[in-house]
Amino acid sequence: MLAGFTLLLLVLLGLGLPVAFSLGMGGVAGMLAFMGGDGALAQLPIIGYKSLDDFVLTAVPMYILMSQILLTGKVGNNLFELANKWLRHLPGGLGIATVMACAIFAAITGSSVACAVTIGAIAIPEMLSRGYDRAIVLGCVAAGGTLGILIPPSIPMILYGAITDESIGKLFMSGVVPGAMLTAMFMAIVVYRSRNLEREAAATWEERVDALRKTFWGLLLPIIVVGGIYTGVFTPTEAAGIGTVYSLFITFCVYKTLSFKDLPGILNDTIKTTCMIFAIMIGASLFGFVLTILDAPQQLTSYVVSLEANRWLIFVAINILLLFLGCILESVSIIFITLPILFPLIVQLGFDPIWFNVVMLLNLELALITPPVGMNLFVLQGISPDSKMTQIIKGVIPFGAAMALEILILCFFPQLATWLPNVVK
């Protein structure tokens, strides 16, 4: 029965049906088979309501709204200018500035696509005009954009916490050190690939201070949001609301890059993205209900444990599964499809769930730059129409290798993900 419903889901996805409806139709088919028409119809609204009846989830539309406000308000332009003024004199300075701007913007918005669009639109023409290889330029921006789901605040971390009941604050803290490490690794790749380029003249201290002054209000946002969560001043959900109000304040009153005529478009984009995520959640809950009837998570866990295989071999198999799914699905879908099944197995095998959160997000970062459905690849082709997809894929290969290396490092040193949550606790 489990194999049959899994096959049904794959067929629906293969036919091109959106993930939310594929999951939902698979779930409804299972409910009809096990409960009959009356029972299924009675349960459908209850399951759909309960899947979204979680206070933590109110943070999702707020973080998306904050991201859209900052994107439309062109806050990323100032961030790139700040990084450029302070870092351009280094080897591969403009590339380093691009990665740094991506990391800062990721810490502000938590959105990989918004990060790639905002920084890429500014950085790509600037880097190409200074003789940087097109492949490394595209790879730098595509990979830098993925930092949006690892460096807190992160929407996938919120979804992970909603599914597993883990502390959102701990999950946020677990991404800080790995996120900083991955940013440094990306910078090292850019420096090595751009070592033969002529260095640019350093900006004067007056120019640096002026860039810092212009960006000061934007830099305060991650300090307020993340710092407030870490110090216990407010919850992650409250932080989302405070961050949104602060974003409106700086874009309307300080930078004056936003006007009331921009609000309908911002709200429209926020609603579309939020509805997409919540529709997947409802579909995943319906399909998960059928899996619960079939006792699939418990059976899988019992079967794997009975194999008495080395837990690290099972962990490698899980990573291969996530990478495979990343080639055909986007990150939110992968979380809702796999996590309810994998999480009990991870706990049973003795892996730290906070640590696994970082490992899973690194796999999802790889999914964002993995063909054929790597979202950041298509985003870059949209903002750089002169670039071929083969050039973009060639450019992201070394950065993808860096992500795989970080997963390996985390296996040997899990404290990199768990140290900060334990300290701040």
Exercise. Using a Gaussian network model of the chain whose springs link C-alpha atoms within less than 10 Å, name the residue from S112, S67, S384 with the highest mean-square fluctuation.
Key: S384
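Determine, for each peptide in 313-319, 42-48, 55-61, the mean count of other beta carbons within 10 angstrom over its residues, then list the peptides with the highest first.
55-61, 313-319, 42-48
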Practice problem: Would you mind calculating the gained length between I271 and C253 on full extension (0.36 nm times residue separation, minus the Cα-Cα distance), in nm to one decimal? | Solution: 4.0 nm
Practice problem: Rounded to the nearest Å, what's the spacing between the alpha carbon centres of region 57-79 and region 243-283? Just the number, please. | Solution: 6 Å
Practice problem: For region 146-226, run through the GluC sites (Glu not before Pro) and keep only the ones in DSSP coil with at most 16 other Cβ atoms within 10 Å of their Cβ. | Solution: E198, E200
Self-check item: Percent RCO, i.e. relative contact order, over region 338-394, from Cα pairs under 8 Å lying at least 6 residues apart
Solution: 18 percent
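Based on the Cβ-Cβ distance from W419 to T204, what FRET efficiency comes out when R0 is 30 Å, to the nearest 0.05? Don't skip to the answer; put the middle values down first.
On the way: r = 39 Å, r/R0 = 1.30.
Taking R0 as 30 Å, the efficiency between W419 and T204 is 0.15.
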Quiz item: Which angle between 0 and 90 degrees, to the nearest 10, do you get for helix 311-326 versus the longest principal axis of the chain when only C-alpha atoms count?
Solution: 70 degrees
Quiz item: Lysine pairs in the chain 8 or more apart or on different chains: how many have alpha carbons under 15 angstrom apart?
Solution: 5
Practice problem: Hey, can you find the accessible area per residue of the chain for me, probe 1.4 Å, expressed in square angstrom? | Solution: 43 Å²
Quiz item: On a 0 to 90 degree scale, rounded to 10, what angle separates helix 296-306 from the longest Cα axis of the chain?
Solution: 90 degrees
Self-check item: Coarse-grained scattering of the chain at q = 0.07 Å⁻¹, given as base-10 log I(q)/I(0) from a Debye sum over alpha-carbon atoms
Solution: -0.34
Exercise. Would you mind telling me which residue in V141, V190, V305 has the biggest mean-square fluctuation in a Gaussian network model of the chain, where springs connect alpha carbons within a distance under 10 angstrom?
Key: V305
Quiz prompt | Accessible surface of the chain, 1.4 Å probe, proportion on carbon and sulfur as whole % | solution = 68 percent
Self-check item: Two-decimal log10 I(q)/I(0) for region 287-364, as the Debye equation yields it once each C-alpha is a single scatterer, q = 0.21 Å⁻¹
Solution: -1.03
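The values are calculated or read from the model by the stated rules, or taken from the named source; none is laboratory data. Just so we're clear, the structure is a prediction, and the values are computed from it rather than from any experiment. Backbone-built Cβ (ideal geometry, glycine too); neighbour counts: all protein chains shown. Accessible surface is based on the protein model in full, side chains and every heavy atom, while ligands, DNA and RNA are left aside. Shrake-Rupley method; radii C 1.70, N 1.55, O 1.52, S 1.80 Å.
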